[in-house]
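Bear in mind these aren't lab numbers, they're just calculated from the coordinates by the rules spelled out. This one's a predicted model, so the numbers in the text were calculated from it and none came from an experiment. Using ideal geometry, Cβ is built from the backbone for each residue, glycine included, and neighbour counts are taken over all protein chains shown.
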Number of protein chains: 2
Amino acid sequence: MRIAELGRRSGVPVPTIKYYLREGLLPAGELTSPNQARYTDAHLHRLRLVRALVELGGLSIAAVRDVLGALDDPDMSLHKAMGTVSAAVAPPDVDVSDEVAHEQARAFVERQGWDCPPDSYAFKALVGVLTTAREVGQHRFVDLLDGYARACAQLAEVDLDYVLRMASKDEALEGVLLGTFLGDATVAAVRAMARREVSERHAASEG
Amino acid sequence: MRIAELGRRSGVPVPTIKYYLREGLLPAGELTSPNQARYTDAHLHRLRLVRALVELGGLSIAAVRDVLGALDDPDMSLHKAMGTVSAAVAPPDVDVSDEVAHEQARAFVERQGWDCPPDSYAFKALVGVLTTAREVGQHRFVDLLDGYARACAQLAEVDLDYVLRMASKDEALEGVLLGTFLGDATVAAVRAMARREVSERHAASEG
């Protein structure tokens with residue numbers, strides 16, 4: 001297909017596609033004349049992936065490049081790919097200087113028997129949330145964590161099961177990447193539904 | 001305290017505080033001279049809440065006003081307050097036109113026996129995620145939902161329990177508001193930790 005059709009089918013504007021081509025996020029098409037190229041379904045697929053990483057994941061171009069590199073590396077395991085994604089999505093500006101929040105996160109990880117280093121994205125993100133909770137006076141927010149841990153372990157098993165059922169390693173790696181972004185958005189949506197449900201049931205039982 | 005101290009202790013710049021005062025998000029201080037006012041710990045508390053709603057929740061000023069109105073309404077129940085928050089955080093631009101995704105979300109809600117109307121934020125958000133999953137070729141993503149539902153119901157029980165233990169209704173309402181934003185960020189962080197753990201265990205068991 002021509003670049004115009006690639007744009008139509010992916011929903012990505014042609015100038016943006018050209019930018020991705022220049023940045024190497026999309027392989028060049030096959031030249032059919034000095035200034036015209038042909039693109040395949042593989043390009044369309046990769047373009048949709050880039051779009052999802054940028055729009056859903058909020059990733060920078062450099063981070064997308066890292067993630068695609070992990071995807072294209074035949075020697076990379078699922079486990080390693082998950083680490084690359086986590087590093088790519090790491091927000092650079094989480095304030096982890098609150099010592100109380102840091103100690104709360106450390107004690108939580110230890111209680112769970114989890115092996116989560118303090119320099120990982122997940123650990124820093126948790127310290128950030130606990131810091132905010134303290135700042136806004138929700139001093140007992142930390143008490144939620146153990147309950148969350150059990151539910152999140154269940155979510156992680158569901159995710160792993162999904163990835164392991166995939167036919168090819170390529171597909172599985174992409175599932176891991178997208179699952180991280182899509183998964184967070186999905187959990188937020190399903191959680192909002194469940195809260196509504198639980199709250200309604202509680203309101204009904206009270207009235 | 002003077003406005004400068006209010007700024008220092010809340011981490012909100014003084015011009016921003018003045019803007020919030022003009023917009024009615026923060027009640028006026030007690031005038032001690034024609035151009036000087038005194039603020040209390042109640043102002044500091046409210047200001048930290050506004051900051052969290054804007055920074056964490058990404059809420060517009062109008063949405064913050066709605067949320068604070070719900071908080072200050074003595075007749076509002078916990079259940080109703082949760083609805084107000086959901087409406088306030090609703091992103092205006094979720095594309096829910098994909099009929100397959102819409103039907104997937106409807107069937108999911110029906111399977112769970114949940115009462116979640118198609119015009120609610122949570123429903124639209126789910127349709128949006130399922131649309132993206134389809135666009136990027138993750139056609140089996142929808143299979144994750146039932147597993148997510150069980151874990152999210154567990155999260156909702158943990159949240160409700162947290163809110164119900166609070167000493168006052170005011171505190172509980174604030175817990176609901178903040179829990180929505182802080183909770184999503186916390187679940188994302190804890191989920192990242194749990195995925196790492198589950199993936200590591202799986203990698204170890206494979207050799």
(message) What's the minimum Cβ distance from chain A to the axis relating it to B, in whole Å, and which residue gives it?
(response) A:151, 2
(request) Calculate, for residue B:106 and residue A:201, the FRET efficiency according to 1/(1 + (r/R0)^6) with r their C-beta to C-beta distance and R0 22 Å; round to the nearest 0.05. (result) 0.55
(message) Restricting to lysines 8 or more places apart or on different chains, can you count the pairs in the protein assembly as shown with Cα atoms under 20 Å from each other?
(response) 4
(request) Estimate the FRET efficiency between residue B:66 and residue A:79 by the formula 1/(1 + (r/R0)^6), using the beta-carbon distance for r and 41 Å for R0, to the nearest 0.05. (result) 0.40
(message) Taking the Cα centroid of segment A:9-85 and of segment B:1-62, what is the distance between the two, rounded to the nearest whole Å?
(response) 45 Å
(request) Determine the principal axes of the Cα atoms in segment B:128-207, then give the extent along each, sorted from largest to smallest and rounded to whole angstroms. (result) 51, 35, 19
(request) Label segment A:91-144 by shape, choosing from rounded, prolate and oblate, from the square roots a ≥ b ≥ c of the eigenvalues of the Cα gyration tensor; if a/c is under 1.5 it is rounded, and otherwise prolate applies when a/b is larger than b/c, oblate when it is not. (result) oblate
(message) Once you place label points 7 Å from the Cα toward the Cβ at residue B:161 and residue B:99, how far apart are they in nm?
(response) 4.5 nm
(message) Using a 7 Å offset from Cα along the direction of the beta-carbon, what are the separations from residue B:76 to the same position in each other copy, nm, ascending?
(response) 4.5
(request) Would you please give the FRET efficiency between residue A:150 and residue A:32, computed as 1/(1 + (r/R0)^6) with r the Cβ-Cβ distance and R0 = 56 Å, to the nearest 0.05? (result) 0.45
(request) Mind computing the radius of gyration and Dmax over the alpha-carbon atoms of the protein assembly as shown? Å is fine for both. (result) 23.1, 78
